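Just below is one structure, and these are the notes that go with it.
The values are calculated or read from the model by the stated rules, or taken from the named source; none is laboratory data. The shown structure was predicted, so the numbers you read here are calculated from the model rather than taken from an experiment. Cβ sites come from the backbone with ideal geometry, for glycine too, and all protein chains shown count toward neighbours.
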Amino acid sequence: MSDPAFTFGAADVRARLPFRRAYDRWDIDTQWNYERGRAWALLAPRHIQIRNRCGSLNIDATRWFRRMSEIL
């Protein structure tokens, strides 16, 4: 969740955007983190933000990520 690609994936799904053009040029770990962000955005409520105002990961976002990991 700390990878910026995760945030990009979540933001893209929430904005109903397609995959980013640079996706094919990213390394496999970055692609996976982007995919995880997209999946998280489909399952987590829209009001849940990934980061708090101070920039740390939101505890509710991490809870939803754990739930997603159990489902998938």
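Residues in region 1-12: is at least one modelled with pLDDT under 95, surrounded by 15 or more Cβ atoms within 10 Å (Cβ to Cβ), in a helix (DSSP H, G or I) and touching a Leu at 6+ places or on another chain (Cβ under 7 Å)?
no
Return the residue satisfying two criteria in turn: it lies in region 28-39 and is of a type in the set (A, V, I, L, M, F, W, C) and at pLDDT 95 or above, and of such residues it is nearest to residue 6 (Cα to Cα). Reasoning before the result, please.
First, the residues of region 28-39 that are of a type in the set (A, V, I, L, M, F, W, C): 28, 32, 39.
Those left that are additionally at pLDDT 95 or above: 28, 32.
Working: 28: 13, 32: 8 Å.
That would be 32.
Which ones in region 13-28 are of a type outside the set (A, V, I, L, M), assigned to a helix (DSSP H, G or I) and touching a residue at least 12 places away in the same chain (Cβ under 8 Å)? Working first, answer last.
The first filter runs over region 13-28 and keeps only residues of a type outside the set (A, V, I, L, M), leaving 14, 16, 18-21, 23-27.
Now restrict to residues that are assigned to a helix (DSSP H, G or I): 14, 21, 23-25.
Across region 13-28, the qualifying residue is only 14.
Name the pairs whose Cβ atoms lie under 8 Å apart, with the first residue in region 43-63 and assigned to a loop (DSSP other than H, G, I, E, B), the second of a type in the set (Asp, Glu), and 6 or more positions between them or separate chains?
Here the result reads 48/60, each pair linking region 43-63 to a residue that is of a type in the set (Asp, Glu).
Residue 36 - would you say it is part of a helix (DSSP H, G or I), of a type in the set (Lys, Arg) and touching a residue at least 24 places away in the same chain (Cβ under 8 Å)?
yes
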